[in-house]
């Protein structure tokens, strides 16, 4: 059977592109530790990004979804950098490596202990690449087999470091930069090759002092 396809004279309409997961994770976390309310349009509907919102909720950051001009809007009620609360249960990152890796940078600086885990797949994924620099900054993190979730993060004061990523990773870079928000002194991250810069852009948009050089970020 032969199908004949004729070109259309034109295509008209409006579509909504699905929200980006990587960007959604970062803005949900940073909006949670910002002062005041943040509106996020087109937040990803993926399960991983819902895991980030769930973890933030257990840390005392409330949110709701609404509509504005027929667009889906997430409103995050930020508590400020010192407003997170000690969770009353183990945080569940689900299947989201982005959630557990990046959020650990924030949790490492909090004045309380946090336990964070994930599903059967996530608990088999090694976390040494974030545990190394966070430990160097002064964090104390316990892990199954010294590298696998669940992680027990004993938060406390951190100090800045000058760190070179052994393997390019936007998630590890983001983890260190988020910890650097809280650290005493300057935190510098060097990349062997450039990775996604979503975190740097988000930090600047929300008021953090970030300085960029080729493959180097300072906060």
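The values are calculated or read from the model by the stated rules, or taken from the named source; none is laboratory data. The shown structure was predicted, so the numbers you read here are calculated from the model rather than taken from an experiment. Using ideal geometry, Cβ is built from the backbone for each residue, glycine included, and neighbour counts are taken over all protein chains shown.
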Taking residue 76 and the conditions (1) in contact with a strand residue (DSSP E or B) (Cβ under 8 Å, 6 or more places away or on another chain); (2) under 14 Å from residue 54 (Cα atoms); (3) outside any strand (DSSP E or B), which numbered condition does it fall short on, given that it satisfies the others? (3)
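The rows are residues; the columns are (1) crowded, with 20+ Cβ neighbours inside 10 Å; (2) touching a strand residue (DSSP E or B) at 6+ places or on another chain (Cβ under 7 Å); (3) within 21 Å of residue 208 (Cβ to Cβ).
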residue: 27; (1), (2), (3): yes, yes, yes
residue: 34; (1), (2), (3): yes, yes, yes
residue: 50; (1), (2), (3): no, no, no
residue: 56; (1), (2), (3): yes, no, yes
residue: 98; (1), (2), (3): yes, no, yes
residue: 109; (1), (2), (3): yes, no, yes
residue: 130; (1), (2), (3): yes, no, yes
residue: 135; (1), (2), (3): no, yes, no
Of the residues in the stretch 1-27, how many are in a loop (DSSP other than H, G, I, E, B) and in contact with a helix residue (DSSP H, G or I) (Cβ under 9 Å, 6 or more places away or on another chain)? 2
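Restricting attention to the stretch 88-104, report how many residues are part of a loop (DSSP other than H, G, I, E, B) and touching a helix residue (DSSP H, G or I) at 6+ places or on another chain (Cβ under 6 Å).
Going residue by residue through the stretch 88-104, those that are part of a loop (DSSP other than H, G, I, E, B) are 88-90, 93-96.
This time we only want the ones that are touching a helix residue (DSSP H, G or I) at 6+ places or on another chain (Cβ under 6 Å), so: 93-96.
The number of residues fulfilling the criteria is 4.
Quickly run through the stretch 165-188 and pick out the residues that are assigned to a loop (DSSP other than H, G, I, E, B), free of Cβ contacts under 8 Å to residues at least 60 places away in the same chain and more than 30 Å from residue 120 (Cα to Cα). Spell out the reasoning first.
Going residue by residue through the stretch 165-188, those that are assigned to a loop (DSSP other than H, G, I, E, B) are 165-169, 183, 185-187.
From what is left, the residues that are free of Cβ contacts under 8 Å to residues at least 60 places away in the same chain are 165-169, 185-187.
Residues satisfying the conditions are 185, 186, 187.
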Of (1) loosely packed, with under 14 Cβ neighbours inside 10 Å; (2) touching a helix residue (DSSP H, G or I) at 6+ places or on another chain (Cβ under 6 Å), residue 185 satisfies all except one. Which? (2)
Which numbered condition residue 146 fails, given (1) assigned to a loop (DSSP other than H, G, I, E, B); (2) at pLDDT 95 or above: (2)
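For (1) within 18 Å of the chain's Cα centre (by Cα); (2) modelled with pLDDT of 95 or more; (3) over 22 Å from residue 172 (Cα atoms), each residue gets a yes or a no:
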site: 14; (1), (2), (3): no, no, yes
site: 22; (1), (2), (3): yes, yes, no
site: 27; (1), (2), (3): yes, yes, no
site: 49; (1), (2), (3): yes, yes, no
site: 72; (1), (2), (3): no, no, yes
site: 85; (1), (2), (3): yes, yes, yes
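Does residue 153 satisfy the condition of being buried (at least 19 other Cβ atoms within 10 Å of the Cβ) and in contact with a strand residue (DSSP E or B) (Cβ under 7 Å, 6 or more places away or on another chain)?
On the way: buried (at least 19 other Cβ atoms within 10 Å of the Cβ): yes; in contact with a strand residue (DSSP E or B) (Cβ under 7 Å, 6 or more places away or on another chain): yes.
In short, yes.
So if I check each of 197, 119, 162, which one is within 26 Å of residue 79 (Cα to Cα) and without any contact (Cβ under 8 Å) to a residue 40 or more places away in the chain?
Numbers: 119 fails: within 26 Å of residue 79 (Cα to Cα); 162 fails: within 26 Å of residue 79 (Cα to Cα).
Only one candidate qualifies: 197.
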Could you please find all residues in the stretch 28-60 being part of a loop (DSSP other than H, G, I, E, B), free of Cβ contacts under 8 Å to residues at least 40 places away in the same chain and farther than 21 Å from residue 95 by Cβ? 42, 60
